[in-house]
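What follows is a set of notes on a single structure, which appears directly below.
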Amino acid sequence: LYNQAFALFAAAQTAAILPERRNEMRSRALEILAILERDYRHPVAGFEEANPPRTPLCSNPHMHLFEAMLAWEEQDRDGPWSALADEIAGLALSRFI
């Protein structure tokens, strides 16, 4: 989950710095999110940290994923970023804190 979170964050930063690549970065970010949903979705909330799953589950990768979603919100107001950021914030409030 760390790798995907940082890749999403890097794509958002690239989109911010190089607007001519915004559509390309958005497409790549959406592909990563699709992989997360397919291969890493936790059955209760959030995401597994690895595939295959392992324990213990930690909050830190979710924090980085949350940061990436906030960065993407700035670049693409119509994307799925806000909903995922809200989900992770809820997970933090209900389980991590």
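The values are calculated or read from the model by the stated rules, or taken from the named source; none is laboratory data. Small disclaimer: the values here were computed from a predicted structure and weren't measured. Ideal geometry is used to build each Cβ from the backbone, glycine not excepted, and the neighbour counts take in all protein chains shown. These area figures cover heavy atoms from the full protein model, side chains too; ligands, DNA and RNA do not enter into them. Shrake-Rupley method; radii C 1.70, N 1.55, O 1.52, S 1.80 Å.
Quick look at the values:
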| quantity | calculated |
| --- | --- |
| Point-charge dipole on Cβ atoms (K/R +1, D/E -1) for the chain, about Cα centre, debye to 20 | 160 debye |
| HN-Hα J in Hz across the stretch 80-97 - Karplus 6.51, -1.76, 1.60, θ = phi - 60°, x for Gly and Pro | x, 4, 5, 5, 6, 4, 5, 4, 5, 4, x, 4, 4, 5, 8, 10, 7, 9 |
| Distance from the stretch 6-27 to the stretch 40-97 (C-alpha centre basis), Å | 19 Å |
| Prolate/oblate/rounded label for the stretch 26-97 (Cα gyration tensor, a/c 1.5) | oblate |
| For the stretch 49-56, 3J(HN,Hα) per residue [Karplus equation, 6.51 cos²θ - 1.76 cosθ + 1.60, θ = phi - 60°, Hz, x = Gly/Pro] | 8, 8, 10, x, x, 9, 10, x |
| Residue among ASN51, ALA15, TRP72 farthest towards the positive dipole end of the stretch 1-92, charges placed on Cβ | ASN51 |
| Residue-averaged [θ]222 nm for the chain, counting only DSSP H segments that reach four residues, each worth -39500 (n - 2.57) | -20500 deg cm²/dmol |
| Surface accessible to a 1.4 Å probe, per residue, for the residues of the chain, Å² | 60 Å² |
| Placed amide H near GLU49: partners under 5 Å, 5+ positions off or other chain | ARG54 |
